[in-house]
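The values are calculated or read from the model by the stated rules, or taken from the named source; none is laboratory data. Just so it is clear, the structure is predicted and the values come from calculations on it, not from any experiment. FYI the Cβ positions are ideal-geometry reconstructions off the backbone, even for glycines, and counts take in every protein chain you see. What goes into the accessible areas is simple: the full protein's heavy atoms, side chains included, and nothing from ligands, DNA or RNA. Shrake-Rupley method; radii C 1.70, N 1.55, O 1.52, S 1.80 Å.
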Amino acid sequence: MIILDLQTVRIDISSKIKDTRASQLLTSLSQLELSSELESLQIVDSYTIQADLTAATIKKAANNLIDFKKEQLMIATNLHDFDFAIEIGFLPGVTDNLAKTVTMILKDSLKQNVAINVYSSQVFLLKGNLSEIDLKQIIDSLHNPLIQRARIKTSQEFNRHPAKPRFASDVDTKKVGTVRCTSSVSKDKGNFRRNSNKEGMGIEIPNVVLTNKQEITEVDLNVDDAILTELGSKGILDNDGSRRGPLALGLDYMKAIQAYFIKEGRNPTDIELESIAQTWSEHCKHTIFADPIDELKDGLYKGYIKAATNQIRKDKGDKDFCVSVFSDNSGAIAFDDEYLITHKMETHNSPSALDPFGGAITGIVGVNRDAIGCGMGSRPIANLYGYCFSDDSKQDLYRDKELTQKMLSPKRIMEGVIDGVRVGGNCSGIPTVHGFSYFHPSFRAKPLVFVGTLGLMPRLVNGNDSCQKAARPGDLIVVLGGRVGLDGIHGATFSSVEMDSSSPATAVQIGDPITQKKFSDAIIKEARDKGLYSSITDNGAGGISCSVAEMAKECGGCRVELDKVPLKYPGMQAWQIWISESQERMTLAIPPENWEEFNDLMKSRDVEAVVIGEFTDSGRCQVNYQGQTAMDIELEFLHDGLPSRQLQTRKPSQEWLEQNTPVVSLQLDNDLLALLANPNYCSKEFISQQYDHEVQGISVLKPLQGRGRVNGDTAVIKPRLDSKKAAIISYGLKPEETDIDPYMMAARSIDSAIASAVATGANPDYIAILDNFCWCSSDESERLYQLKETARACYDYAVAFGTPFISGKDSMFNDFKGYDTNGDKIKISALPTLLISALGIIDDYSKVVSMDLKMAGDKLYLLNATEGAVDAKANLSFYRRFYSAVQTELVASAMSLAHKPLKLALAQKAIAGQLGIEVSLSEDSKISGAILVSIDPLKSKRFETLFPKAQLLGEVNETKRIKINAEELSLEEATSAYRAPFSNYLNDQKKELAGVN
Amino acid sequence: MVTALIFSGYGINCEEETKRAFELAGAKADIVHLNDLIAEPSRLKDYQIAAFPGGFSFGDDTGSGKAYANMIKNHLLKEIKAFVARDTLTIGICNGFQVLTSLGLLKGTLTHNTSAQFIDRWVDLKVSSDSPWLKGIESMSLPVAHGEGRYVKDQDVPVALQYTDAEISNHFDYPANPNGSDDDIAAVLSDDGRILGMMPHPERAIEFHHLPHWTFLKEKASRESMALPDNGPGLSLFENAVEYFN
């Protein structure tokens, strides 16, 4: 909202008591290589408030922002001595959740609905003889120039007498590429600028001012192929000569669109072309999985993935537990007679590379909506994560040749991603029960960020099958949740291509878990069971252009009045409103007679819901804006008009592999201490501990197991408080094997997920799996060959194990194209990665087995150690026997060898139980399907009868020493090696804290 | 039947398990959205127990519990004061505790942990004062999950629970105090003992499988032919509250 003649007041709040945020930040900034000591640091929380009120009224209301027991209004006399003041705030248009809450607090305390704009920022007051270079380093580590602005003042400038304040005229808004708002202070892209004419930090207002005329333009398609190609790859040309950003439409797609509009007898509007681009994007249509590939006419998805599930459901007959697979936002299987359990894994890789915090929080909060939007609404009960990072920060990377757009370091990416998932999960009250972190240098430019959500949904909602939903002609199209802004434009098309210097910054967003929590509760806990809506779906990629058009398929048409969509600020173009992916929104189909009751409920829960149109049976997707027709095309063309492409694969030659396989030694240092401290195997306690894994009271097996707090390979939850039934969650991921043998990589990933679940007590005959493909360079026939081999193995092994796929997702271009520090071109492709996530259901949680050794004197056995190719038939028969052993409570502890070498597994079990072991092993070879157990000696006879081929490795003892063949370590050495690599992130366990002022 | 009102809305997120805990203890518990109570404040009169559950009301923006407490101050303060003036019990757990200190119903304040990080783990607690909530309890182990749980004293206050070294911290080799609270304070009381504010989560410790080392305890019990407890340690707190009115 633009408000003129407003009073502007800046409220700065400092801490009265020890501010531990400042002391921890001081410690972490002190690790930068500064030329002189950073002596102290203070943090001031600031709110710039604009309102149609007197300054005195604003200040009085702002007292509500201060807890006077610990905080105070900052004035010169309550600040400690400092040399520099750095302010970090958001760029115009970036989601500012804190400001939103402050606005609410002010309005509520004023008890009147007055126009108020709030902008939050933080000021860091630093003391030290810091050089320009030091300050640049500090500012770089305090902010991300893609979303934040930074200013600096010396203490003299900060304390100088006030000059006449300048207000919003300071800030101009500029259109770069598609849309990018830039405030004057950050125009120099990440460099900071001294700003020295005001008392304190002075006032700066990062509001969005859009001045372009709003219009619907016609795009001329009567052009030659070269122009069509350019239009498809770079986007629509604006009057000012700039391009709007990638449509990711190839020439064949552009020609199909051209042909359609010749038939319609006109050119498309910009909004029609943008809408088709969203709908046809690789991100939305998964064309690489859908198109025919070599001899496989059905493509990979129908030919392998879905075909596997169909075959398994047939094989299982009346034991089939699938209920709703592949057709909805999440997959649903039977949990018990009354409930279904839903599961979905997503990735959010490209946004996380640019803004790790925003990308990750948007990812986790987004996948929560895949539960809320599944069936008539599934209640999110658990979050999962999986990170593929690099721990190699040596080499800087840039997006542009001029070296002005620097990529964030792998360390920053890791920290930001971990933070984003924490805030998203913790604030939503959804326990983050399990995850993994995998390190490989190929992820140094673009990480892989997997996020997943399990949900619980009654089989019957309001007397009807909860999986059945359909918008009906005449139903109102209702959008609820957050408002629409310029954030998240072209996210779907952006993630469908490689990342380079033209990747739009507007694709980056920051999630708002509280807005979502409010509507999630209102929908799942109230509106759903009242039967107030006929269909619901999530707004993700493509925003309402995808969600409305998708739901319109259920009834055969839609008509949208774009003017009714609530906006964050005026001035947006029609096409932007239609495709913006602004987060935290759901789309519902509501019968008109239910609207009033529904809207009253939403209002009372502080949720904004708006009718934006009507579902129809016209067969067309119609959009009007300002009295004009903005879009009017056949639904069938929109959804199915894209031509299929015949994909060809080529088996990689030895030479190709040598050129394209990252030159990284996969040879592990086999020394036990080195294995324990390997980043892929070491403790991730710092992540587990900062993720709330116990909210909702459903945890059975927590992320850290045993006295020694070792990260488990699985998690167990008991979703219903009044039932013993439990769900076991595990995963398989072997990207380092794709270039060696993609078929066996997939086989071992599936087997790994099953083996680790079974080791914890899962019933091998009640396990569903999910597939996430994160590929690279999917336009190369060699990579397509690997993809096809992987998918072929998915069919073969899922069918052989009887584990149906229930949901999946793919992300095909995890490549970075940019420049190194010399300005030389560099392409970094992530290892082609398949994540298999498994979900097993068991009847009695109390039979679950943890991995920690329990008692001295117990015997250690290795089961099912087989070398070479995965033998699904043999493994399945072993898993069934193991399940029966667990059911009769024969097993004191168990761990599969799915994710680690035998020697390491032994050491981790010892650390977890804080008990000694003495074992002798023959060669530690690559084995699949094996499980390592400890058994009460009184039960060992029964155990050996059940598993005659079990190899007795040794015994558990009280010695506090780990002895494996000739290698020997104290438990203490092993434990500290295991915990060492990320111990600097565990602030609460550090002995000394740096000085606090 | 003893009646408990459980606050919800705006990012409170532990209301379901808190309701379950009260129900297991024998109370009739209702989850009521803050806006519904603001619309009809007299509903408070129907209840003997008020519970402010854990969560992230307003995302902890401007400081945990502050915005939710402001709404109560602006719309419900009179009724809340009348409620606590009656012979009622009130509990604030985690975010609920932060709401109660922000409201001024409990002394002191809560701020960022010394680590400046969110932490979810179990702690041991010893009971330090008498209260209807704590009758018959000397010590207990419960989980904490918070980023702003460091209690800062501003005056003498009846301390309900203090972090201590006992079974759980020995088992897992954890330091006793997870957040740097003054005097290891985990929970405090109003002067009359009827209002309890606590950072640990008793509602997440009402069943045996909630214990972080239950698989070890189960194996130990089986070797020693001992029976396992049905419940977790947190339930007694809710039972005490119900017992107070019976």
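Here are some notes:
- DSSP-defined antiparallel bridges as percent of all bridges, the protein assembly as shown, nearest 5: 80 percent
- DSSP-loop chymotrypsin sites (Phe, Trp or Tyr not before Pro) across region A:7-91, with at most 15 other Cβ within 10 angstrom: A:PHE68
- Residues in region A:845-886 occluded by at least 40 Å² - accessible area, probe radius 1.4 Å, against chain by itself: A:TYR845, A:LYS854, A:MET855
- Surface listing: A:PHE813, A:PHE321 arranged by accessible area from highest to lowest gives A:PHE813, A:PHE321, probe 1.4 Å.
- All aspartates and glutamates inside 17 Å of A:LYS825 as judged from Cα atoms, apart from same-chain residues fewer than 8 positions distant: A:ASP396, A:ASP400, A:GLU402, A:GLU498, A:ASP500, A:ASP815
- Two-site FRET efficiency, A:ILE927 against B:LYS73, from Cβ-Cβ distance with R₀ of 56 Å, rounded to 0.05: 0.30
- Set of lysines with alpha-carbon distance to A:LYS553 below 16 Å, sequence-local pairs under 8 removed: A:LYS285, A:LYS469
- Farthest positive-ward along the protein assembly as shown dipole, Cα basis, beta-carbon charges - from A:PRO513, A:GLY331, A:ILE75: A:ILE75
- Protein heavy-atom accessible area occluded, B/A pair - total, 1.4 Å probe, Å²: 6000 Å²
- Threshold 30 Å² - residues in region B:189-221 whose accessible area is reduced by that much or more when the chain is no longer isolated, probe 1.4 Å: B:ARG204, B:GLU207, B:HIS209, B:HIS210, B:TRP214, B:THR215, B:PHE216, B:LYS218, B:GLU219
- Whole-Å distance, taken between Cα centres, linking region A:246-318 and region A:334-406: 23 Å
- In region A:684-712, burial by the other protein chains removes 50 Å² or more of accessible area from A:GLN689, A:ASP692, A:GLU694, A:GLY697, A:LYS702, A:ARG707, A:ARG709, compared with the chain on its own (1.4 Å probe, ligands and nucleic acids ignored).
- Prolate/oblate/rounded label for chain A (Cα gyration tensor, a/c 1.5): oblate
- Per residue, the accessible area of the protein assembly as shown comes to 35 Å² when a 1.4 Å probe rolls over the protein heavy atoms.
- Qualifying aspartates and glutamates (Cα of each under 18 Å from Cα of A:LYS314; at least 8 residues distant if same chain): A:ASP765, A:ASP796
- Placing a label point 7 Å from the Cα of B:ASP191 along the Cα-to-Cβ direction, the residues of region B:100-128 whose backbone N falls under 17 Å of that point are B:104-108.
- Within the accessible area of region A:849-989 (1.4 Å probe), percent carbon and sulfur: 51 percent
- Inter-label distance, nm, simple model (7 Å from Cα along the C-beta direction), B:LEU217/A:GLU215: 7.3 nm
- Region A:7-186, accessible surface, carbon-and-sulfur percent (1.4 angstrom probe): 53 percent
- Three-way shape label, region A:7-186, alpha-carbon gyration tensor, a/c 1.5: oblate
- Rounded accessible area of A:ASP741 (nearest 10 Å², 1.4 Å probe): 70 Å²
- Remark: accessible surface ordering of A:HIS348, A:HIS80 (largest first) is A:HIS80, A:HIS348, probe radius 1.4 Å.
- With every protein chain in place and a 1.4 angstrom probe, the accessible-area ranking of A:LYS603, A:LYS568, A:LYS909, largest first, reads A:LYS603, A:LYS568, A:LYS909.
- Over every Cα atom in region A:751-859, the radius of gyration and the widest Cα-Cα span, Dmax, amount to 19.6, 62 Å.
- Shape summary of region B:3-245, radius of gyration then Dmax from alpha carbon positions: 17.3, 58 Å.
- With DNA, RNA and ligands ignored, accessible area of A:LYS553 (1.4 Å probe; Å², nearest 10): 100 Å²
- Taking 0.36 nm per residue of separation and subtracting the current Cα-Cα distance, fully stretching the chain between A:ASP396 and A:TRP656 would add 90.9 nm.
- Dipole of chain A computed with +1 at Lys/Arg Cβ and -1 at Asp/Glu Cβ about the Cα centre; of A:ALA966, A:LEU247, A:ILE927, farthest Cα towards the positive end is A:ALA966.
- Cα centroid separation, region B:28-52 to region A:839-853 (Å): 39 Å
- Overall form of region B:118-246 per C-alpha gyration tensor (a/c, 1.5; a/b vs b/c): oblate
- Pairs exceeding 25 Å between alpha-carbon atoms, taken from A:LYS297/A:LYS809; A:LYS525/B:LYS81; A:LYS60/B:LYS78; A:LYS909/A:LYS939; B:LYS66/B:LYS135: A:LYS525/B:LYS81; B:LYS66/B:LYS135.
- The residue among B:ILE38, B:PHE22, B:THR88 whose Cα reaches farthest toward the positive pole of the charge dipole of chain B, with charges on the beta-carbon of Lys, Arg, Asp and Glu, is B:ILE38.
- Counting all C-alpha pairs of region A:849-989, share separated by more than 19 Å (%): 51 percent
- For trypsin sites (Lys or Arg not before Pro), the sites in region A:230-280 that DSSP calls loop and that have at most 12 other Cβ atoms within 10 Å are A:ARG266.
- Computed helical MRE - 222 nm, chain A, DSSP H runs ≥ 4 contributing -39500 (n - 2.57), nearest 500: -9000 deg cm²/dmol
- Region A:737-807 and region A:101-143: distance between their alpha carbon centers, rounded to Å: 47 Å
- Taking every protein chain into account, the 1.4 Å probe leaves A:LYS59 with about 110 Å² of accessible area, to the nearest ten.
- Of A:LYS718/A:LYS847; A:LYS859/A:LYS963; A:LYS100/A:LYS518; A:LYS344/A:LYS900; A:LYS718/B:LYS28, those spanning more than 20 Å from alpha-carbon to alpha-carbon: A:LYS344/A:LYS900; A:LYS718/B:LYS28
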